[in-house]
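Engineer: Got a structure here, written out as structure tokens. Questions coming.
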Amino acid sequence: MVEIDKELLREMLSHYRGRGSDLIPLLLEVQAQFSYLPEEAIQLIAGFLDIPEGEIYSVSSFYSQFRLTPIGRQLVTVCRGTACHVRGASRVLSEISEEIGVEEGETRDDMEYTLESVACIGCCALAPCIKVNDGVHGEMTAQKVAELFAVPAN
Ligand code: FES
């Protein structure tokens, strides 16, 4: 289990009243802070809201924006929407996967990269495009992939 800052969590909880309707806002705030929903946070929230942990796992599994596992320092999101698909999103995804050494939906062992795909990242005119954390990169080519993910020379 990853160690998390319980004091910070308790501080977050103190802004809520402990009602069932607090669940989604709390999960969103916890995920914004930790980038996923740590097991310890789910336990604390369950106690705070007086609901079973299983209910929180059900809710967090239902909504695709919630993550139950930690992500890498760099979250690489490849768009697979229609505009990007017709302009080679699958090729871009496999090139990135090869470059960073991680499969779609997985995180590299050293926690440097997580690779995922989504339906649209809202920059269709730049297709095919990707995001690395909050930065958008458009009109991706094999060369751009190589430049973006090149391992710096020592
Ligand atoms: S389809 Fe890729 S950004 Fe919209």
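Engineer: In deg cm²/dmol and to the nearest 500, what is the mean residue ellipticity at 222 nm of the chain if only DSSP H runs of at least 4 residues count, each as -39500 (n - 2.57), divided by the residue total?
Structural biologist: The helix contribution divided over the chain gives -12500 deg cm²/dmol.
Engineer: Return the distance in nm (one decimal) between the two label points of a simple spin-label model at T141 and F62, each offset 7 Å from Cα along Cα→Cβ.
Structural biologist: 4.7 nm
Engineer: Further, regarding this structure: Averaging sequence separations of C-alpha pairs under 8 Å and six or more residues apart, then dividing by the length of the chain, give the relative contact order as a whole percent.
Structural biologist: 19 percent
Engineer: Mind listing which chymotrypsin sites (Phe, Trp or Tyr not before Pro) in the stretch 45-144 are in a DSSP loop and have 13 or fewer other Cβ atoms within 10 Å?
Structural biologist: Y63
Engineer: Report the charge-dipole magnitude of the chain in Debye, nearest 20, computed about the Cα centre from +1 at each Lys and Arg Cβ and -1 at each Asp and Glu Cβ.
Structural biologist: 600 debye
Engineer: Further, regarding this structure: Name the most mobile residue of S90, S35, S64, meaning the one with the largest mean-square fluctuation, in a Gaussian network model of the chain with Cα contacts below 10 Å.
Structural biologist: Largest GNM mean-square fluctuation: S64.
Engineer: In a shell of Cβ-Cβ distance under 14 Å around E11, excluding E11 itself, what net charge do Lys and Arg (+1) and Asp and Glu (-1) give?
Structural biologist: With Lys, Arg at +1 and Asp, Glu at -1, the neighbours total -1.
Engineer: Got a sec? Which residues in the stretch 48-78 would a label at R17 touch, if it sits 7 Å along Cα→Cβ and we count backbone N under 15 Å?
Structural biologist: 49
Engineer: Taking 8 Å as the Cα distance limit and 6 or more residues as the minimum spacing, I'd like the relative contact order of the stretch 74-149 as a percentage.
Structural biologist: 40 percent
Engineer: Which peptide among 130-139, 12-21, 91-100 comes first, and what is the full order, when sorted by highest mean count of other Cβ atoms within 10 Å?
Structural biologist: 91-100, 130-139, 12-21
Engineer: Can you give me the P(r) profile for the stretch 74-149? Cα pairs, bins 5 angstrom wide beginning at 0, each as a whole percent.
Structural biologist: In whole percents, the pair-distance histogram is 3, 19, 33, 27, 14, 3, 1.
Engineer: Just check the stretch 6-62 against the gyration tensor rule for me: Cα atoms, a ≥ b ≥ c as the square roots of the eigenvalues, rounded for a/c under 1.5, and otherwise prolate or oblate depending on whether a/b exceeds b/c.
Structural biologist: rounded
Read-outs: derived from the displayed coordinates by stated rules, not from any lab. Since we're looking at a predicted model, the values are computed, not measured. For neighbour counting, all protein chains shown are included, and Cβ atoms are generated from backbone atoms with ideal geometry for every residue, glycine included.
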